[in-house]
Amino acid sequence: MLERLLNTPEDPVLTIVRVVLGVVMFAHGAQKMFGWFGGYGFHGTMGFFHEQLRIPSALAFLAITAEFFGSIGLILGLFTRVAALGIVIVMLAAVFMVHLRVGFFSNWFGDQKGEGFEYHLLAIALCVVLLARGAGAFSLDHILYQQVRSREARQSIGVQSPLVSSRADPPAGQPR
């Protein structure tokens, strides 16, 4: 299971997709979490989600944390598939709860009552790529995957390392 979650090719294109999406989502997550970049911060966003959108507090909390911590996961390439799934869920909720009624296009000229859902579709599409293929090169997922594979390889041929296994023989003269 962990191996399937972390497995990723060393593809630099996936790295670009992951890091760019992570940076964009970080800005939006930081608006909601800390009030950076003109956002309302955690309490303001929780209030808006709960009072205006009628989202239960637990789900509002999950949305804010998924967007903020998911973006960090994407930038680092750490549990990329989990981060991408969290962001897909947040984006789908945003589309169906808020943006679908406004229409497709963003409010470029200020004549719409809100923003459309084109941005959300792009974020979802990029997340689907990461869900399918993984984090790519220069990711913590790739490093962890290599560790998991080497541990499994050692175990499959019966080689145990004292650093990996608690079943290693104690030093001579020491009780077992």
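Here, each number is a calculation from the coordinates, and none is a lab measurement. These numbers were taken from a predicted model, which means no experiment stands behind them. When we count neighbours, we look across all protein chains shown, and the Cβ atoms used for this are built from the backbone with ideal geometry, even at glycine.
Using the Karplus relation 6.51 cos²θ - 1.76 cosθ + 1.60 with θ = phi - 60°, the per-residue 3J(HN,Hα) values for the stretch 28-40 come to 5, x, 5, 4, 6, 7, 10, x, 6, 6, x, x, 9 Hz, with x marking Gly and Pro. Packing, taken as the mean count of other beta carbons within 10 Å per residue, orders the peptides 6-13, 119-126 from highest to lowest as 119-126, 6-13.
What is the packing order of peptides 79-87, 136-144, taking the mean over residues of other C-beta atoms within 10 Å and listing the highest first?
Per-residue mean Cβ counts within 10 Å order the peptides as 79-87, 136-144.
How big is the dipole moment of the stretch 2-156 about its Cα centre under a simple scheme where the beta carbon of each Lys and Arg is +1, that of each Asp and Glu is -1, and everything else is neutral? Debye, nearest 20, please. Walk me through the numbers on the way to the answer.
Working: 11 positive and 10 negative charges, 64 e Å.
That gives the stretch 2-156 a dipole magnitude of about 300 debye.
Between the listed residues Phe37, Ile64, Phe79, the Cα displaced farthest toward the positive end of the dipole of the chain, a dipole computed from Cβ unit charges relative to the Cα centre, is found at Phe79.
A straight chain from Phe96 to Leu2 at 0.36 nm per residue would run longer than the Cα-Cα distance by 30.7 nm.
Fully extending the segment from Ser106 to Gln147 would add 10.4 nm, taking 0.36 nm per residue of separation and subtracting the current Cα-Cα distance. The calculated Kirkwood hydrodynamic radius for the chain is 18.4 Å, given to one decimal from all distinct C-alpha pairs.
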